[in-house]
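**Q** One structure coming up, written as structure tokens, with questions to follow.
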Amino acid sequence: MGHDAHRWSTFQGERTLVVAARTVTSTVRVLETLPALLRGDSRVSVVFAYDPTSAFNAGVLDLLHVAGCRVAPWEQLGHITPDLILSASENIDVPEGDCPVLVLPHGVGFQKLVPDSRGARDRLSGAVPDSLLESGRAWLVVSHPAQEEQLLATHPKAAGRTLLVGDPCFDELVGSRTRRKAYREALGVADHQRLVMVSSTWGPTSLLGSHPDLLPRLLAQLPYDEARIGAIIHPNVWSAHGAWQIHTLQAAALDAGLLLMPTVHAWRPALVAADVLVGDHGSVTLYGAAAGTPLLLTEFGGDAVPGTAVHRLSTVAPRLDPRGNLRQQVEDVVRQHTPQRYAAVAAQAFAEPGHALARLRTALYQLLKLPEPSSPPPTSLVLPVPDPPAAPVTSWQVTTDVTGDGTAPTVTVHRTPATVTAYGQGLPDSPACFTHLACADDERDLRLTESASVLVRRDPAPTQVGALRWIEDTLTQLPGSLLAASAVRGSGCLVGLRDGRVVEASVTGSVMDPGLPAAVVYACLRAGLALDDSQVSLRIGDVREEDAVLRLRPALPLG
């Protein structure tokens, strides 16, 4: 940058585009959109300028550096004359000059009242200051004509300053549904499991601001083997409180396998993969519902603007009772949902979907006063597969229910991560219902390991001899345990009992977590059922049923 920058530059652009980076949310939106608009065009030189005035500026510089952007301090803009300033933050302090300012939305429309950093009052999110409108420099991108009408009701000076483009993010979500299975596999969600994503915007009226314990409650009440729980938390929460605070507050949920999505990018494929969305008045909730995902709304914040699409969504979507039976509410919303349930809401938010990038490129080049490239108009790309964001669960409260006679028993297994059992409702007691604590061999809490009735080896043993040796060593080191289980690569699972007997458990179906056949052996042992040459039906909650065959092997030489 500067008057002599041409002396050092390899690419001699005809126009200079300045991207104003102020918050993580707004910066991400530009980074996700701009490459498709400028693809292969050396006529436009892009400069990223960091505006540090936001309360949510933490993480912006890291984001730009990871993306490989060259960043200039905001005050250095006075040394250049940009041809266009682009931002997805309406609250930037635009330097003097006459170049146009193109403002992209970083959510869906003007649907929320937020604190004004310039004073004690609240302001309409997405609306630029009247002074910038008066200058005739500002152009606001909208995704639906209704947003212009709503904006004019509070900012009449915005008349004639909006550009109807559409929403590139919504187009990506809809266009990526064909890869839903790949996203679920990447997140570790099995075909028989239900993925429940929880979305929270920021502020005291948000989902997590109102119900900070909802995530561990969901993990406790939705069976571990039947459901996965994920969370999409607004970048402003990460910026204001920091990752350390979030991880500390949600430690029990994280230890229970919560899929906590990173602050940028990965939330979009996770939303496509979801079977159910639990959300508040944030944009992610509207994106998910408009894309056809079953929705449960929590308490709706008073900072949501009446007349907007998201406010209309609050009048038609079912509400979640955070203290009620969460599992039943999730099952009910899936059963009652139809793909077109929120079509009218989507029609109020997104006009003519599928064309946003092409229209945005046209608007961008018109403001730059350059002819559009001869390449075809850009279209939304399919979203990339996300990295798995969850840590493995290392301990479970396991409930086994034995039904049927001794010749053909059925063992139903329900597992709840041990770290969230305090948030659960429990199962009714019965004479054949047994509960025990099971721990994996990488559990870090020694109190749990020493209290566990069942110990499970995380990785399969390469041989049966290796599995038997691990079982013997484990039961010797932890005398309070009743049995230890290890899968054997390619040949089922071995379960060693405290009395020295070894049960070989073979289960039909795909490769199974050894904690499940171990639970079958534990239940049969407690119920006094035969452990040799017996066949048991293993029912994993309400989603899967397999046959298990138990055979005794020679005793272990313990003690």
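The values are calculated or read from the model by the stated rules, or taken from the named source; none is laboratory data. Here the structure is a predicted model, which means the values were calculated and not measured. Quick reminder, even Gly has a Cβ in these numbers, built from the backbone with ideal geometry, and neighbours come from all protein chains shown. We work out accessible area using only protein heavy atoms, side chains counted, and drop any ligands, DNA or RNA first. Shrake-Rupley method; radii C 1.70, N 1.55, O 1.52, S 1.80 Å.
**Q** Filter segment 53-75 down to the residues that are out of contact with any strand residue (DSSP E or B) (no Cβ under 7 Å at 6 or more places or on another chain), surrounded by 13 or more Cβ atoms within 10 Å (Cβ to Cβ) and of a type outside the set (Ser, Thr, Tyr) and list them by number.
**A** 56, 57, 58, 59, 63, 67
**Q** What are the residue pairs meeting all of these: first residue in segment 162-180, first residue part of a strand (DSSP E or B), second residue open to solvent by 30 Å² or more (accessible area, probe 1.4 Å), Cβ atoms under 7 Å, and 6 or more apart or on different chains?
**A** Once the first residue is part of a strand (DSSP E or B) and sits in segment 162-180, its partners that are open to solvent by 30 Å² or more (accessible area, probe 1.4 Å) give 162/148; 163/139; 164/145.
**Q** Let me ask another. For residue 215, all conditions in the list (1) out of contact with any Ser or Thr (no Cβ under 8 Å at 6 or more places or on another chain); (2) open to solvent by 20 Å² or more (accessible area, probe 1.4 Å) hold save one; what is the number of the exception?
**A** Here residue 215 meets the rest and fails (2).
**Q** For segment 423-430, indicate whether the set of residues that are open to solvent by less than 20 Å² (accessible area, probe 1.4 Å) and touching a helix residue (DSSP H, G or I) at 6+ places or on another chain (Cβ under 7 Å) is non-empty.
**A** Checking segment 423-430: not a single residue is open to solvent by less than 20 Å² (accessible area, probe 1.4 Å) and touching a helix residue (DSSP H, G or I) at 6+ places or on another chain (Cβ under 7 Å).
**Q** Next question, about the same structure. For segment 332-360, which positions are among the charged types (D, E, K, R) and either in a helix (DSSP H, G or I) or open to solvent by less than 50 Å² (accessible area, probe 1.4 Å) (or both)?
**A** Selection gives 332, 335, 359.
**Q** Go through segment 124-150 residue by residue and tally those that are closer than 24 Å to residue 347 by Cβ, open to solvent by less than 40 Å² (accessible area, probe 1.4 Å) and at pLDDT 85 or above.
**A** 7
**Q** Scan segment 421-432 and report the pairs whose first residue is over 16 Å from residue 219 (Cβ atoms) and at pLDDT 60 or above and whose second residue is open to solvent by 100 Å² or more (accessible area, probe 1.4 Å) and of a type outside the set (A, V, I, L, M, F, W, C), with Cβ atoms within less than 9 Å and a gap of 6+ or a chain change.
**A** Listed pairs, sorted by first residue: 432/526.
**Q** All but one of (1) within 23 Å of residue 311 (Cβ to Cβ); (2) in contact (Cβ under 8 Å) with a residue 12 or more places away in the chain; (3) acidic (Asp, Glu) hold for residue 149; state the number of the condition that does not hold.
**A** Failed condition: (2).
Every residue, every condition in (1) of a type in the set (Ser, Thr, Tyr); (2) in a loop (DSSP other than H, G, I, E, B); (3) closer than 30 Å to residue 44 by Cβ; (4) open to solvent by 10 Å² or more (accessible area, probe 1.4 Å), yes or no:
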{"position": "367", "(1), (2), (3), (4)": "no, no, yes, yes"}
{"position": "372", "(1), (2), (3), (4)": "no, yes, yes, yes"}
{"position": "381", "(1), (2), (3), (4)": "no, yes, yes, yes"}
{"position": "387", "(1), (2), (3), (4)": "no, yes, no, yes"}
{"position": "392", "(1), (2), (3), (4)": "no, yes, no, yes"}
{"position": "396", "(1), (2), (3), (4)": "no, no, no, no"}
{"position": "414", "(1), (2), (3), (4)": "no, no, no, yes"}
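**Q** Here's a follow-up. When segment 59-94 is examined, which residues are found to be part of a loop (DSSP other than H, G, I, E, B) and touching a Phe, Trp or Tyr at 6+ places or on another chain (Cβ under 8 Å)?
**A** Once the filter is applied, which keeps residues that are part of a loop (DSSP other than H, G, I, E, B) and touching a Phe, Trp or Tyr at 6+ places or on another chain (Cβ under 8 Å), segment 59-94 yields 59, 69, 70, 93.
**Q** Here are some residues: 345, 330. Which one is under 25 Å from the mean Cα position of the chain (by Cα) and modelled with pLDDT of 95 or more?
**A** 330
**Q** Okay, next question. Looking at (1) farther than 28 Å from residue 407 by Cβ; (2) without any contact (Cβ under 8 Å) to a residue 60 or more places away in the chain; (3) open to solvent by 10 Å² or more (accessible area, probe 1.4 Å); (4) in a helix (DSSP H, G or I), which one does residue 525 not meet, given that it meets all the others?
**A** With (1) farther than 28 Å from residue 407 by Cβ; (2) without any contact (Cβ under 8 Å) to a residue 60 or more places away in the chain; (3) open to solvent by 10 Å² or more (accessible area, probe 1.4 Å); (4) in a helix (DSSP H, G or I) applied to residue 525, the lone miss is (1).
Every residue, every condition in (1) open to solvent by less than 10 Å² (accessible area, probe 1.4 Å); (2) assigned to a strand (DSSP E or B); (3) under 15 Å from residue 170 (Cα atoms), yes or no:
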{"position": "253", "(1), (2), (3)": "yes, no, no"}
{"position": "262", "(1), (2), (3)": "no, no, no"}
{"position": "270", "(1), (2), (3)": "yes, no, yes"}
{"position": "286", "(1), (2), (3)": "yes, no, yes"}
{"position": "289", "(1), (2), (3)": "yes, no, yes"}
{"position": "292", "(1), (2), (3)": "no, no, yes"}
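**Q** Quick one: count up the residues across segment 398-412 that are open to solvent by less than 60 Å² (accessible area, probe 1.4 Å) and not acidic (Asp, Glu).
**A** 9
Matching residues to (1) at pLDDT below 90; (2) touching a Cys at 6+ places or on another chain (Cβ under 9 Å):
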position	(1), (2)
456	no, yes
468	no, no
473	no, no
481	no, yes
498	no, no
516	no, yes
522	no, no
554	yes, no
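**Q** How many residues are open to solvent by 60 Å² or more (accessible area, probe 1.4 Å) and either among the acidic types (Asp, Glu) or part of a loop (DSSP other than H, G, I, E, B) (or both) if we restrict to segment 544-559?
**A** 6
**Q** Out of curiosity, is residue 538 out of contact with any Pro (no Cβ under 7 Å at 6 or more places or on another chain), open to solvent by less than 10 Å² (accessible area, probe 1.4 Å) and in a helix (DSSP H, G or I)?
**A** So residue 538 does not fit the description; no.
**Q** For segment 182-231, what are the residues that are part of a loop (DSSP other than H, G, I, E, B) and of a type in the set (Phe, Trp, Tyr)?
**A** 202, 224
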